[in-house]
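Inspection log for the structure reproduced underneath, given as structure tokens.
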Amino acid sequence: QVQLVESGGGLVQAGGSLRLSCAASGIMFRFNPMGWYRQAPGKQRELVASIGSAGTTNYADSVKGRFTISRDNAKITVYLQMNSLEPEDTAVYYCHARVMNRDFWGQGTQVTVSS
């Protein structure tokens, strides 16, 4: 059974930093691309960043230069380091894995950036 458990969200002032973690189980983690998505109130869920099994990364234009996605295969965890946070980054952040053509999501973690 695939499980993704996020942690690390919270309330931070604009310009601050947070690091999100996603612990995975039930997948061949080291071979699996992983991603972070977010959904703000009234908006569609959007891709924030993704990382391939070989470490190739991809970022939404809105977070390039501020966010960094990384993975630790030994800890079966993917991270999202978020710096220079802006109020527009306020959203629920979800960890994502696509396994055998199925999408799996974590429960989400709230990130709130105050101005």
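The values are calculated or read from the model by the stated rules, or taken from the named source; none is laboratory data. Treat the numbers as computed from the prediction; the structure is a model and nothing was measured. Because the Cβ atoms are built from the backbone with ideal geometry, glycine has one as well, and the counts that use them run over all protein chains shown. For accessibility, only protein heavy atoms count, side chains too; no ligands or nucleic acids. Shrake-Rupley method; radii C 1.70, N 1.55, O 1.52, S 1.80 Å.
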(message) Please go through region 46-95 and give me each residue that is among the small types (Gly, Ala, Ser), in contact with a helix residue (DSSP H, G or I) (Cβ under 8 Å, 6 or more places away or on another chain), open to solvent by 10 Å² or more (accessible area, probe 1.4 Å) and closer than 23 Å to Thr112 by Cα, ordered by number.
(response) Ser62
(request) Only residues that are polar (S, T, N, Q) and part of a strand (DSSP E or B): list them for region 11-29, please. (result) Gln13, Ser21, Ser25
(request) Please state which of the following conditions Asp89 fails to meet, knowing it meets all the rest: (1) touching a residue at least 24 places away in the same chain (Cβ under 8 Å); (2) at positive phi. (result) (2)
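Which of the following residues is in contact with a Phe, Trp or Tyr (Cβ under 9 Å, 6 or more places away or on another chain) and basic (Lys, Arg): Arg102, Arg71?
Step by step, each of Arg102, Arg71 is checked, and only Arg71 is in contact with a Phe, Trp or Tyr (Cβ under 9 Å, 6 or more places away or on another chain) and basic (Lys, Arg).
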(message) Residues to consider are Arg45, Arg30, Arg38; find the one that is at negative phi, at pLDDT below 95 and among the charged types (D, E, K, R).
(response) Arg30
(request) State which residue pairs qualify: first residue assigned to a loop (DSSP other than H, G, I, E, B) and inside region 34-62, second residue open to solvent by 60 Å² or more (accessible area, probe 1.4 Å) and of a type in the set (Lys, Arg) in any location, beta carbons under 9 Å apart, and separation of 6 or more residues or different chains. (result) Ser53/Arg30
(request) From (1) surrounded by fewer than 19 Cβ atoms within 10 Å (Cβ to Cβ); (2) at pLDDT below 95, pick out the condition that doesn't hold for Gly10. (result) (2)
(message) Whether any residue in region 7-20 is out of contact with any helix residue (DSSP H, G or I) (no Cβ under 8 Å at 6 or more places or on another chain) and more than 15 Å from Thr112 (Cα to Cα) is what I want to check.
(response) no
(message) Contact list please: Cβ distance under 7 Å, first residue in region 96-108 and in contact (Cβ under 8 Å) with a residue 24 or more places away in the chain and in a strand (DSSP E or B), second residue loosely packed, with under 14 Cβ neighbours inside 10 Å and among the charged types (D, E, K, R), pairs at least six apart or on different chains.
(response) His96/Asp103
